[in-house]
Amino acid sequence: MVQDSLGILLGFFVAVTLQVLLFDHINLFGFSCPSVYLFFIISYRFDRSQFFLILLGFLLGFVLDIMQSSSGANTIATLLISFIRPWVIRFSFGIIPDSNSLLSMKSRMGNQALYIGLMILIHQFVLQSVAYFDVAHTTLILRNTLVNTALTFILLLATLNLTKKKN
Amino acid sequence: MQWILNIIIQKRNLLLFLFLLGIGIIFSSYRSSYHQSKLQRFGIIISGGIFKSINNSKSYLSLTESNQSLLAENSALHQELLQYKQAENLISESTNPELNNYLVRSATVVKNSYAKARNIIIIDKGTSDGILKGMSVVGPNGIIGIIKQTSAHFSSVISILYQDFSINAKIQGKGAFGSLSWEGYDPTRMVLSDVSIINTIAVGDTIETGGMSAYFPKGIPIGTIIDFETPTSGGYYNIEVALLNNLTDLEHVYIIENKKRSEFIDLQKKSEDGTR
């Protein structure tokens, strides 16, 4: 229990630090920035408390907004994907996934990629929509969503493979 | 209480999400003036829509009072208009209330008729409201008829759509007089006869009350000329008039009391008796 909590705290701290100190400085094509901190939400064990995940998601986005001096878009986007995660899991893996952790999952890569891709896509869409908050900027929102989703997806998939190999 | 607690426990994730979402939105508006203004604009659209619906409902529920107040206002304005028209004919301007010959009251039509040969309208005012036989009745756009019979709370009105009933009328701005009557076919058309061909008339000319009877004050619009025939023999036009008032759709009318009507009738009677 204590070990689990410490693991979560460590993961939280690493996600925030890496995002703020490293990945926020990546500016691909002049506008694209990967949201690698999503790995914390995506890899959170499926059998753990959803209530706690929603709180963690809110805190994660909140801290990032404070650190990045942004307008609260991270808070709302991360909170939303923390809340809808069970439905995305059910859609990607079926009613009962074969493992309670993405890191030890043996199911097909397609399902895992679908799960990761959907989480990132929804997160980025909400993030960009809240950041711009204007229907007139729909083209910009869609462009940023697609490019950031692709970039984040590649990085998270690579991270997942590295983490799995370690295990 | 137990039931509420059960709901909270069952829906704790959703409630937490909504609560934190609210905090996130507040945080967002606090951090960014752009988001604050966008949210305020959104709030104005929502609240404006809600309050407009509430106001519409309130207006609808208070329509009766609004109608009564508008009717009273219209009566007063009609009266003022008659006063001004009267004042145009005086040599000197005067604010003497004795010169105000007309009193206007409003009423609602409870029964209308326009398809018969002789049509009668019933209104919801009677002797208890000061209505007497012989008073004239006008609508928003022109004349309606004359009070025929009264009871305590109702009165019957001979409509201008009544065969054998004719009204003294003149062509506005031209001084030509005639007699307006209804032929019994079309409730929107009347015929103006006895207008001499020495007068120049045109389609579009306005017909108004002539003021030569004790019923209608002078100058109340009736209709417009839509067609006329110059006879091959005889000295009078055959003029077709389109009524300004829609007598098939009457809701509110105004009754005009001519305070000097009885004096006019007495004088007329004496003059007629004297000539026999």
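The values are calculated or read from the model by the stated rules, or taken from the named source; none is laboratory data. Just so it is clear, the model here is predicted, and its values are computed rather than measured. Each accessible area value is taken on the protein alone, full model and side chains, heavy atoms only, with ligands, DNA and RNA left out. Shrake-Rupley method; radii C 1.70, N 1.55, O 1.52, S 1.80 Å.
Contact order for segment A:87-126, expressed relative to its length and based on alpha carbon pairs under 8 Å spaced 6+ residues apart, stands at 41 percent.
Which residues, if any, in segment A:33-62 have at least 40 Å² less accessible area in the whole protein complex than in the isolated chain, probe 1.4 Å? For segment A:33-62, once contacts with the other chains are taken into account, A:Phe51, A:Ile54, A:Phe58 lose 40 Å² or more.
What is segment B:103-187 by shape, rounded, prolate or oblate, if you read a ≥ b ≥ c off the alpha carbon gyration tensor as root eigenvalues and call it rounded for a/c under 1.5, prolate for a/b larger than b/c, and oblate otherwise? Because a/c hits 1.5 or more and a/b fails to exceed b/c, segment B:103-187 counts as oblate.
What a 1.4 Å probe finds exposed on segment A:1-106 is 71% carbon and sulfur by accessible area, rounded to a whole percent.
Taking all Cα pairs closer than 8 Å and separated by 6 or more residues, the relative contact order of chain B comes to 16 percent. Considering only B:Ser69, B:Ser179, B:Ser155, give the residue with the highest GNM mean-square fluctuation for chain B, with springs between Cα atoms whenever their separation is below 10 Å. In this elastic network of chain B, the residue with the biggest mean-square fluctuation among B:Ser69, B:Ser179, B:Ser155 is B:Ser69. Sorting B:Trp3, A:Trp87, B:Trp182 by solvent-accessible area of protein heavy atoms yields B:Trp3, A:Trp87, B:Trp182, largest first, with a 1.4 Å probe. Our summary gives chain A a relative contact order of 23 percent, counting only alpha carbon pairs under 8 angstrom and 6 or more residues apart. In the context of the full protein assembly, B:Arg41 retains an accessible surface of approximately 150 Å², using a probe radius of 1.4 Å and ignoring ligands and nucleic acids.
Compared with the dominant Cα axis of chain A, that is its longest principal axis, helix A:2-21 is turned about 30°.
Using a 1.4 Å probe on the protein chains only, how many percent of the accessible area of segment B:171-211 belongs to carbon and sulfur? Here it works out to 48 percent. Classified by the C-alpha gyration tensor, segment A:1-81 has a prolate form. Its axis ratio a/c, with a ≥ b ≥ c, is 1.5 or above, and a/b is larger than b/c.
Residue ranking by accessible heavy-atom surface, 1.4 Å probe, largest first, among A:Phe125, A:Phe12 comes out as A:Phe125, A:Phe12.
Accessible area ranking (1.4 Å probe, heavy atoms, ligands and nucleic acids excluded), largest first, for B:Asp186, B:Asp194: B:Asp194, B:Asp186. Rolling a 1.4 Å probe over the protein heavy atoms gives the protein assembly as shown an accessible area of 57 Å² per residue. Centre-to-centre separation between the Cα atoms of segment B:220-261 and those of segment B:9-31: 71 Å.
Here segment A:1-49 and segment B:36-60 have alpha carbon centers that stand 41 Å from each other.
Only helical runs count toward this figure. For the protein assembly as shown, summing -39,500 (n - 2.57) over DSSP H runs of n ≥ 4 and dividing by all residues gives -16500 deg cm²/dmol at 222 nm. Solvent exposure of B:His35, expressed as accessible area, is near 10 Å², computed with a probe of 1.4 Å over the protein chains only.
At the residue level, B:Glu229 shows approximately 110 square angstrom of accessible surface with a 1.4 angstrom probe and all protein chains present. For chain B, the longest principal axis of the alpha carbon atoms and the long axis of helix B:12-31 meet at an angle near 70°. Taken across both chains, chains A and B shield about 1800 Å² of accessible surface from a 1.4 Å probe.
Would you mind checking the tilt of helix B:33-61 against the longest principal axis of the Cα atoms of chain B, expressed as 0 to 90 degrees and rounded to 10? Tilt relative to chain B: about 40 degrees.
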